[in-house]
Amino acid sequence: SVDTLPRFSALPVDFEKVLSLKPDVVLATDQVNSPRDAGTFESLGMPTFFFRFSSLEDVIAGIRKAGEIMGTVHEATATADSLEAELDSLRTLTEQVSNKPGVIVLIGAETLNAFGRESHVHDLIELAGGRSLTKDLGNSPVLSEEFVLKAAPDILIGTWGEAYDVDRLLALHPTWDALPAVQQGRVYNLSGDFISRPGPRLVEGVQRLVRLIHPDLFPS
């Protein structure tokens, strides 16, 4: 049972505890782990594979690769094929849209951490019929108040979970009253599980984004 497996914090890596589990392979991602850790794992006799998810295609390819590594090619292929089919269906739905609102996705509320280039998040937004306004920034950007005001997003989305009080965000940034997203009541929250974590749940993330960006496509 997964619930009975020992759990450790991701950072910093406790190499001794990982070694005590005697893994056949260590899977990591450069979104969280330092590539320098690969050398340490190798020196301890633990082969390591680092994933990189710069696009939505990378996520699907990563599922297939994980199947190769773990000897579950059939299951991984079926999962990847199913996800690709669902994404193609969503793409067909949003391709008909001519109006593509400008979108900013925030990781932080007080410190405005966001997603820069080489992130799959921009693919999610564009597939959902929006325009990502931070896709040309450097990796892991921290936005300024001025950037957000100048970008004038039509939609603001935070990854803090649906229970987060949007009024708290606006209290932290009172100048945002002038933003189209605020004036039109289009400031939303989603769990980061559906946006920032590369995996099968990203398909549901796109579905949720479509409902936020183009609710008219789902009249029910």
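The values are calculated or read from the model by the stated rules, or taken from the named source; none is laboratory data. The model shown is predicted, which means the values in this text are computed figures rather than measured ones. Neighbour counts run over all protein chains shown; Cβ positions are idealised from the backbone, glycine included. Just the protein is used for accessible areas: all its heavy atoms, side chains included, with ligands, DNA and RNA removed. Shrake-Rupley method; radii C 1.70, N 1.55, O 1.52, S 1.80 Å.
How do the pairs read when you match residues in the stretch 159-174 that are open to solvent by less than 90 Å² (accessible area, probe 1.4 Å) with residues anywhere that are charged (D, E, K, R) and outside any loop (DSSP other than H, G, I, E, B), using Cβ under 8 Å and keeping only pairs 6 or more apart or on different chains?
Within 8 Å, the pairs are Leu170/Asp177; His173/Glu145.
Tally time: how many residues in the stretch 179-214 are in a helix (DSSP H, G or I), open to solvent by 70 Å² or more (accessible area, probe 1.4 Å) and over 22 Å from Phe53 (Cα atoms)?
Adding up the residues that qualify gives 2.
Output the residues belonging to the stretch 52-73 that are among the small types (Gly, Ala, Ser) and touching a residue at least 60 places away in the same chain (Cβ under 8 Å). If you could, list the steps in order and put the result at the bottom.
Here is the first cut: in the stretch 52-73, the ones among the small types (Gly, Ala, Ser) are 54-55, 61-62, 66-67, 71.
Result: Ser54, Ser55, Gly62.
If I ask for residues that are under 21 Å from Ser119 (Cα atoms), part of a helix (DSSP H, G or I) and either touching an Asp or Glu at 6+ places or on another chain (Cβ under 6 Å) or of a type outside the set (A, V, I, L, M) (or both), which ones from the stretch 139-170 would you list?
Phe147
Pick from Asp3, Asp14: which is farther than 22 Å from Ile195 by Cβ, modelled with pLDDT under 85, in contact with a Phe, Trp or Tyr (Cβ under 9 Å, 6 or more places away or on another chain) and open to solvent by 60 Å² or more (accessible area, probe 1.4 Å)?
After applying the criteria, what remains is Asp14.
Any residue that is within 18 Å of the chain's Cα centre (by Cα), open to solvent by 10 Å² or more (accessible area, probe 1.4 Å) and not charged (D, E, K, R) - is there at least one of those in the stretch 94-106?
no
Restricting to the stretch 41-54, and then to whatever is surrounded by 15 or more Cβ atoms within 10 Å (Cβ to Cβ) and among the polar types (S, T, N, Q), can you tell me which residue is nearest to Lys135 (Cα to Cα)?
Ser54
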